[in-house]
Each structure stands twice: as C-alpha cells, then as structure tokens.
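Asker: Pasting in a structure now, in structure tokens, and then I'll have a few things to ask.
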Amino acid sequence: EEAREVLEARAEGPARVEEEVGDLLFVVANLARHLGVDPEAALRRANAKFERRFAAVEDRLRETGRTPGESTLEEMDALWNQVRAADRRP
C-alpha cells in the first residue's frame, strides 16, 4: 500500500513524494524490527555491498580505459549483473 502511495504521489509534487517515501521507510523499518533485524545495520550492510559492487564495475570499466561517464547505462547494467552474479557465488 505504501509503495503504491509513493507512485501516486508523483503527480502531486516532490514534497508529497518525500512524505510518502518517509512513510514507506518507516513501514520497512518497523517490518525489520518485527523480523528481529536491526534496520540501521541492514541499511549499512546494503550500502557497503552497493559500494563494493559499484567499485568492481568501475574497475572493470577502467580495464577497458573508460569511466562510468563514458559508458552507457546498458553497459554499466550488464557489468553490474556480472559483478552481482560473481558476488553471489560461494
């Protein structure tokens, strides 16, 4: 329900979107607590994982002599999927 409200709020402007995103974040944090997960710790781990994976994408681009700014979103998305797949392997 909250995710739907975020999408609907786009027609009402940025302030409304911000309010609805806040509500969505609150609901997710509350869900995490009910599941016995520290929401702040989970978010920190997710951010660290994103940074690690993005750095790997940048490394792969650097190997070809390019930067993210010189690459298309499609190229970066393909590299992201490769990095993510490699990250999930034991």
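The values are calculated or read from the model by the stated rules, or taken from the named source; none is laboratory data. Worth saying up front: this structure is predicted, and the values here are computed from it rather than measured. Cβ placement follows ideal geometry from the backbone for every residue including glycine, while neighbour counts extend to all protein chains displayed. Protein only, heavy atoms only, side chains kept; ligands, DNA and RNA dropped before computing areas. Shrake-Rupley method; radii C 1.70, N 1.55, O 1.52, S 1.80 Å.
Asker: If residue 23 meets every condition in (1) of a type in the set (Asp, Glu); (2) open to solvent by less than 90 Å² (accessible area, probe 1.4 Å); (3) within 28 Å of residue 87 (Cβ to Cβ) apart from one, which number is that one?
Answerer: Unmet condition: (3).
Asker: When you check residue 1 against the structure, is it loosely packed, with under 12 Cβ neighbours inside 10 Å and either free of Cβ contacts under 8 Å to residues at least 40 places away in the same chain or of a type in the set (D, E, K, R) (or both), yes or no? Lay out the reasoning, then the answer.
Answerer: Working: loosely packed, with under 12 Cβ neighbours inside 10 Å: yes; either free of Cβ contacts under 8 Å to residues at least 40 places away in the same chain or of a type in the set (D, E, K, R) (or both): yes.
Answer is yes for this residue.
Asker: Same structure again: Tell me which of these residue 37 doesn't satisfy, since it passes every other one: (1) part of a helix (DSSP H, G or I); (2) at pLDDT 95 or above; (3) surrounded by 11 or more Cβ atoms within 10 Å (Cβ to Cβ).
Answerer: (1)
Asker: A further question follows. Run residue 42 past the list (1) under 30 Å from residue 27 (Cβ atoms); (2) open to solvent by 50 Å² or more (accessible area, probe 1.4 Å) and report the number of the one that doesn't hold.
Answerer: Result: residue 42 passes all but (2).
Asker: What tally of residues in region 53-85 results from selecting those that are under 19 Å from the mean Cα position of the chain (by Cα), open to solvent by less than 50 Å² (accessible area, probe 1.4 Å) and touching a residue at least 12 places away in the same chain (Cβ under 8 Å)?
Answerer: Of the residues in that region, 6 qualify.
Asker: Sticking with this structure for a sec: Can residue 50 be described as open to solvent by 100 Å² or more (accessible area, probe 1.4 Å), assigned to a helix (DSSP H, G or I) and not basic (Lys, Arg)?
Answerer: On the way: open to solvent by 100 Å² or more (accessible area, probe 1.4 Å): yes; assigned to a helix (DSSP H, G or I): yes; not basic (Lys, Arg): yes.
The answer is yes for residue 50.
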